[in-house]
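**Q** Provided herewith is a single structure, encoded as structure tokens, for subsequent inquiry.
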Amino acid sequence: MKSGLSLAWVVSVAVGAQTLPNPAYRVETLMGVGRPDGVAAADRILDGAYGVAEDAAGNVYLAESNAGLIHKVRPDGIMERFAGTGTLGLGGSGRPALQTNLTHPTILLMDRDGGLLFYEAENCRIRKVLTDGTIADVVGTGRCGGSMGSGTRVRKALDSDLTEVGGMAVDSLGRLVFSQPAGHVVRRVESDGYIRTMAGTGTAGATGDDAAATSATLNGPRGLASDADGNIYVADSINCRVRKVNTGGVISAVMGAAVCATSAASFAGPATTRLEQVHALAYDGMTNSLYATMPRLYRVVRLDMNASRVTPFFGNGTVGAGELAAPTAMAANEPSAILASERLGVLVGAESSFQVFQVQNGAVRRFAGKWIDPARTAEAAELPMLRPSGLFLTPAQTLLVTDMGAGFLLSHQTSGALGVLAGIPYPASFWKGDLGPATSATLDRPRRVIQSAGGVIYMTDGARIRRIGTDGVINTLVSGLSGATGLALLSEEWLVFSETTANRVSRYHVPTKKATLIAGTGAAGYSGDGGNALEATLNAPGDVAYDSQGNILIADRGNRRIRRLLAKDGYIETIAGNGLPLSYSDITGKAALQTGFGSLAGLAVDGDDNIYVSEAVRVDVISKDGRVRVVTGFLGEDDDGNRSYLDGPINGASGLAVDAAGRIYIAVQQDGRVLVATPRGGG
């Protein structure tokens with residue numbers, strides 16, 4: 001095993017934080033290589049390759065959206081962390097970018113002064129990494145909403161609650177321009193700090209060409225690009241067109257037709273050739289060309305503006321994992337970002353292929369990121385993992401692991417050997433292969449996994465529960481679920497599962513294929529303790545587990561509590577959590593019912609009925625007497641923002657498993673690793 005204090009783990013410790021020795025556990029990495037810094041970009045896993053930008057020195061910036069990171073790729077190909085800690089969260093302004101939490105950075109744009117603008121999607125704001133390395137807010141309050149109101153409303157940039165931002169550009173005067181798909185407008189931050197509308201009326205439509213852009217209607221505008229003459233190009237996405245706003249404020253059609261294309265289109269012909277929904281744009285001043293991504297059809301097209309001709313540029317129109325081929329023969333899922341570079345050619349960020357491709361001189365290579373193929377990795381400790389999620393330990397001490405991001409079900413033997421039980425190298429969010437070998441099937445966000453005593457495997461996979469028999473054949477057991485998450489097994493015949501978005505827990509009888517509701521009314525809430533669980537309300541229930549008495553424990557995540565459904569009478573009660581958020585003081589020794597927990601991502605119970613929970617940033621154990629102890633991760637934070645940790649920070653602790661020796665197995669999604677915490681003096 002490798003040390004749990006690898007570089008991939010400790011880089012996110014802020015200045016002033018301290019990492020304390022763990023007196024109770026020895027924590028090590030069991031599987032995965034983490035998110036290493038200072039490695040070749042093409043050898044690094046990217047969890048959601050989204051935005052791409054380039055500075056004057058030839059450094060390329062990449063947004064690893066799902067990891068909450070922005071990276072810099074130096075001209076020598078080495079990738080360094082540029083902003084973000086790797087912990088998803090709301091980070092303040094004025095702090096060093098490397099010590100600031102980010103939440104899903106997406107669109108990147110190099111400003112004229114050398115600063116890097118980026119859109120932080122979950123917090124609905126545009127921010128900037130200044131040239132001194134600190135972060136400043138540029139547009140938005142951090143609240144998502146529609147305070148901008150109608151298309152003509154004017155507000156100060158930092159006083160505006162934004163809806164989604166679809167694209168960004170800088171105009172000829174250095175002003176920031178951004179699109180808002182839900183508002184059907186393009187806006188500009190003026191020199192006085194106020195936001196004014198540049199194009200669109202705020203009503204969805206496709207009218208107004210060859211007239212004032214502020215009188216025209218747009219429909220879901222997304223990507224933006226600018227040229228040397230100061231023209232702004234707008235991906236009028238739902239209208240399947242690209243339009244131009246010139247320096248005089250007049251809008252006109254540039255590419256696309258009034259009718260959207262289908263997957264059968266050739267995407268070759270005059271500028272009026274039909275397009276599908278256009279997202280990102282890039283302008284190439286060297287050839288006077290415009291590139292447009294169409295993620296839903298897995299393609300990028302190029303408009304030669306001199307010849308007014310559209311041609312296919314990248315992608316073959318089929319979903320795939322990005323095996324290298326000629327540009328128009330590539331199968332790359334969801335091209336989401338594009339950059340035209342004088343030095344590098346064209347860079348295409350394919351979000352769900354987890355890679356950035358470089359297209360230059362008619363050839364394609366991987367610029368950054370790589371697809372995961374466990375079959376090519378012999379040792380589990382050397383395996384790149386995307387988002388390990390669910391864990392289950394079999395009686396033979398084989399650890400079953402789901403990689404939710406990469407779409408694999410893996411096995412880890414005590415020898416360290418790695419096996420693939422289900423899934424193929426293919427982008428996530430797509431499933432197929434029922435009634436065939438599980439090793440030839442595609443998985444769709446597999447979260448939790450269990451195995452019966454007879455060797456049958458069950459796992460939650462997107463909106464379904466799938467079964468893998470002892471013959472290795474996979475099939476769907478239950479479909480149409482609303483956020484299938486938790487999964488537990490009482491016997492060979494009975495499963496229990498939770499539906500997070502439906503706020504309920506059900507029991508499933510395998511022989512008769514019948515599901516019966518056992519907890520929750522379907523409405524989100526917190527009520528019903530001391531009464532029938534069927535009349536109680538839950539809020540986004542996650543993991544479920546059985547204790548030694550046959551009671552069902554429920555991680556009631558939205559309520560930040562653990563509830564217990566009693567086997568003897570079907571009544572429900574709260575056994576941990578006071579409903580308050582994550583406690584910022586050390587909770588060791590506190591009563592579980594008086595403790596504020598964060599999001600209860602993982603839940604497990606050992607043979608002595610000790611309860612183990614993961615709160616994304618830490619893992620705790622609740623003993624039978626109801627007292628809490630931090631196992632590893634976040635301990636506390638003082639009034640000056642200095643944090644303390646056991647072993648170092650944990651980013652995204654999720655599924656848990658516990659063995660008879662007291663070893664705790666922890667899936668850490670953002671870190672891309674599985675850890676094992678061994679009791680001191682044991683294991």
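The values are calculated or read from the model by the stated rules, or taken from the named source; none is laboratory data. Predicted model, so just to flag it, every value in this text is computed and none were measured. Cβ placement follows ideal geometry from the backbone for every residue including glycine, while neighbour counts extend to all protein chains displayed. Calculation scope for accessible area: heavy atoms of the full protein, side chains included, ligands and nucleic acids excluded. Shrake-Rupley method; radii C 1.70, N 1.55, O 1.52, S 1.80 Å.
**Q** What residue, among those in segment 155-170 that are modelled with pLDDT under 95 and either part of a strand (DSSP E or B) or open to solvent by less than 20 Å² (accessible area, probe 1.4 Å) (or both), is farthest from residue 116 (Cα to Cα)?
**A** Here the residue is 155.
**Q** Return yes or no: is residue 398 surrounded by fewer than 23 Cβ atoms within 10 Å (Cβ to Cβ) and without any contact (Cβ under 8 Å) to a residue 40 or more places away in the chain? Step through it out loud before you land on a result.
**A** Numbers: surrounded by fewer than 23 Cβ atoms within 10 Å (Cβ to Cβ): yes; without any contact (Cβ under 8 Å) to a residue 40 or more places away in the chain: yes.
Against the criterion (surrounded by fewer than 23 Cβ atoms within 10 Å (Cβ to Cβ) and without any contact (Cβ under 8 Å) to a residue 40 or more places away in the chain), residue 398 qualifies.
**Q** Taking residue 88 as meeting all but one of (1) modelled with pLDDT of 90 or more; (2) under 20 Å from the mean Cα position of the chain (by Cα), write down the number of the exception.
**A** Failed condition: (1).
**Q** Mind checking whether some residue in segment 634-642 is open to solvent by less than 30 Å² (accessible area, probe 1.4 Å), closer than 30 Å to residue 459 by Cα, in contact with a Pro (Cβ under 8 Å, 6 or more places away or on another chain) and modelled with pLDDT under 95?
**A** Checked segment 634-642: at least one residue is open to solvent by less than 30 Å² (accessible area, probe 1.4 Å), closer than 30 Å to residue 459 by Cα, in contact with a Pro (Cβ under 8 Å, 6 or more places away or on another chain) and modelled with pLDDT under 95.
**Q** Write out, first by first residue and then by second, each pair whose Cβ atoms fall under 8 Å of each other, whose residues are 6+ apart or on separate chains, and whose first residue, in segment 305-317, is within 20 Å of residue 348 (Cβ to Cβ) and polar (S, T, N, Q) while the second is assigned to a strand (DSSP E or B) and open to solvent by less than 30 Å² (accessible area, probe 1.4 Å).
**A** 311/301
**Q** For a quick check of your reading: which strands (runs of 3 or more DSSP E) sit entirely within segment 487-551 and have at least 1 residues that are without any contact (Cβ under 8 Å) to a residue 40 or more places away in the chain and out of contact with any Ser or Thr (no Cβ under 7 Å at 6 or more places or on another chain)?
**A** 494-499, 504-509, 514-519
**Q** Taking the residues in segment 430-478 that are farther than 15 Å from residue 498 by Cβ, part of a strand (DSSP E or B) and of a type in the set (S, T, N, Q) as candidates, determine which candidate is modelled with the lowest pLDDT.
**A** 442
**Q** Hey, another quick one. Considering only residues of segment 558-573 that are open to solvent by 20 Å² or more (accessible area, probe 1.4 Å) and either in a strand (DSSP E or B) or among the polar types (S, T, N, Q) (or both), which is farthest from residue 533 (Cα to Cα)?
**A** 561
**Q** Check segment 356-365 and report whether any residue there is under 19 Å from residue 79 (Cβ atoms), open to solvent by 10 Å² or more (accessible area, probe 1.4 Å) and modelled with pLDDT under 95.
**A** no
**Q** Looking at (1) over 25 Å from residue 448 (Cα atoms); (2) open to solvent by less than 70 Å² (accessible area, probe 1.4 Å); (3) not aromatic (Phe, Trp, Tyr), which is the only condition residue 586 fails?
**A** Exception for residue 586: condition (2).
**Q** Would you say residue 93 is surrounded by fewer than 23 Cβ atoms within 10 Å (Cβ to Cβ) and of a type in the set (S, T, N, Q)?
**A** Working: surrounded by fewer than 23 Cβ atoms within 10 Å (Cβ to Cβ): yes; of a type in the set (S, T, N, Q): yes.
Yes, satisfied.
For every residue, the table says whether it meets (1) assigned to a strand (DSSP E or B); (2) in contact (Cβ under 8 Å) with a residue 12 or more places away in the chain; (3) under 17 Å from residue 349 (Cα atoms).
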{"site": "70", "(1), (2), (3)": "yes, yes, yes"}
{"site": "75", "(1), (2), (3)": "no, yes, no"}
{"site": "79", "(1), (2), (3)": "yes, yes, yes"}
{"site": "85", "(1), (2), (3)": "no, yes, no"}
{"site": "90", "(1), (2), (3)": "no, yes, no"}
{"site": "112", "(1), (2), (3)": "no, yes, no"}
{"site": "118", "(1), (2), (3)": "yes, yes, yes"}
{"site": "122", "(1), (2), (3)": "no, yes, no"}
{"site": "127", "(1), (2), (3)": "yes, yes, no"}
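**Q** Any idea how many residues of segment 282-301 are basic (Lys, Arg) and surrounded by fewer than 23 Cβ atoms within 10 Å (Cβ to Cβ)?
**A** 1
**Q** Would you confirm whether any residue within segment 29-39 is acidic (Asp, Glu), open to solvent by 40 Å² or more (accessible area, probe 1.4 Å), at pLDDT below 95 and over 29 Å from residue 130 (Cβ atoms)? Explain how you work it out, then say what you get.
**A** Taking segment 29-39 first, the residues acidic (Asp, Glu) are 37.
Checking the rest, the ones that are also open to solvent by 40 Å² or more (accessible area, probe 1.4 Å) come to 37.
Filter again for at pLDDT below 95, leaving 37.
Those left that are additionally over 29 Å from residue 130 (Cβ atoms): none.
Checking segment 29-39: not a single residue is acidic (Asp, Glu), open to solvent by 40 Å² or more (accessible area, probe 1.4 Å), at pLDDT below 95 and over 29 Å from residue 130 (Cβ atoms).
**Q** Hey, another quick one. Please determine whether any residue of segment 257-280 is touching an Asp or Glu at 6+ places or on another chain (Cβ under 9 Å), open to solvent by less than 10 Å² (accessible area, probe 1.4 Å) and at pLDDT below 95.
**A** yes
**Q** Looking at segment 519-529, is at least one residue of a type in the set (S, T, N, Q) and surrounded by fewer than 20 Cβ atoms within 10 Å (Cβ to Cβ)?
**A** Taking segment 519-529 and keeping what is of a type in the set (S, T, N, Q), we get 521, 527.
Restricting the remaining residues to those that are surrounded by fewer than 20 Cβ atoms within 10 Å (Cβ to Cβ) gives 521, 527.
Within segment 519-529, one or more residues are of a type in the set (S, T, N, Q) and surrounded by fewer than 20 Cβ atoms within 10 Å (Cβ to Cβ).
**Q** Now, a different point. So is residue 364 in contact (Cβ under 8 Å) with a residue 12 or more places away in the chain, in contact with a helix residue (DSSP H, G or I) (Cβ under 7 Å, 6 or more places away or on another chain) and among the β-branched types (Val, Ile, Thr) or not? Break it down into steps so the answer makes sense when it comes.
**A** On the way: in contact (Cβ under 8 Å) with a residue 12 or more places away in the chain: yes; in contact with a helix residue (DSSP H, G or I) (Cβ under 7 Å, 6 or more places away or on another chain): yes; among the β-branched types (Val, Ile, Thr): yes.
Here the answer is yes, as residue 364 does meet what is asked.
**Q** For segment 104-126, does any single residue satisfy the condition of being within 26 Å of residue 383 (Cα to Cα), open to solvent by 10 Å² or more (accessible area, probe 1.4 Å) and under 22 Å from the mean Cα position of the chain (by Cα)?
**A** yes
**Q** Let me ask another. Being at pLDDT 95 or above and polar (S, T, N, Q) is the filter here, so list the residues in segment 123-154 that pass it.
**A** Those that are at pLDDT 95 or above and polar (S, T, N, Q): 131, 134.
**Q** Give the number of residues within segment 440-480 that are β-branched (Val, Ile, Thr) and more than 20 Å from residue 391 (Cβ to Cβ).
**A** Just the residues of segment 440-480 that are β-branched (Val, Ile, Thr), to begin with: 442, 449-450, 456-457, 460, 465, 468, 470, 473-474, 476, 478.
Those still in the list that are more than 20 Å from residue 391 (Cβ to Cβ) too: 442, 470, 473, 476, 478.
Matching residues across segment 440-480 total 5.
**Q** May I ask you to list the residues in segment 210-242 that are in contact (Cβ under 8 Å) with a residue 40 or more places away in the chain, farther than 19 Å from residue 336 by Cα and among the hydroxyl-bearing types (Ser, Thr, Tyr)?
**A** 214
**Q** Given the conditions (1) crowded, with 19+ Cβ neighbours inside 10 Å; (2) in contact with a strand residue (DSSP E or B) (Cβ under 8 Å, 6 or more places away or on another chain); (3) closer than 28 Å to residue 451 by Cα, which single one is not true for residue 645?
**A** (3)
**Q** Just to verify a result, which residue in segment 230-241, among those that are more than 17 Å from residue 204 (Cβ to Cβ) and part of a strand (DSSP E or B), is farthest from the chain's Cα centre (by Cα)? Before the answer, list the steps.
**A** Narrowing segment 230-241 to residues more than 17 Å from residue 204 (Cβ to Cβ): 230-233.
From what is left, the residues that are part of a strand (DSSP E or B) are 232-233.
Values: 232: 30, 233: 29 Å.
Checked segment 230-241; the qualifying residue farthest from the chain's Cα centre (by Cα) is 232.
**Q** A further question follows. Go over the candidates 422, 375, 380 one by one and state the one that is open to solvent by 10 Å² or more (accessible area, probe 1.4 Å) and among the aliphatic types (A, V, I, L, M). Step through it out loud before you land on a result.
**A** Working: 422 fails: open to solvent by 10 Å² or more (accessible area, probe 1.4 Å); 380 fails: open to solvent by 10 Å² or more (accessible area, probe 1.4 Å).
Result: 375 is the single residue among 422, 375, 380 that is open to solvent by 10 Å² or more (accessible area, probe 1.4 Å) and among the aliphatic types (A, V, I, L, M).
**Q** Might you let me know whether segment 206-221 holds any residue that is touching a strand residue (DSSP E or B) at 6+ places or on another chain (Cβ under 6 Å), in a strand (DSSP E or B) and either open to solvent by 20 Å² or more (accessible area, probe 1.4 Å) or within 24 Å of residue 282 (Cα to Cα) (or both)?
**A** Checked segment 206-221: at least one residue is touching a strand residue (DSSP E or B) at 6+ places or on another chain (Cβ under 6 Å), in a strand (DSSP E or B) and either open to solvent by 20 Å² or more (accessible area, probe 1.4 Å) or within 24 Å of residue 282 (Cα to Cα) (or both).
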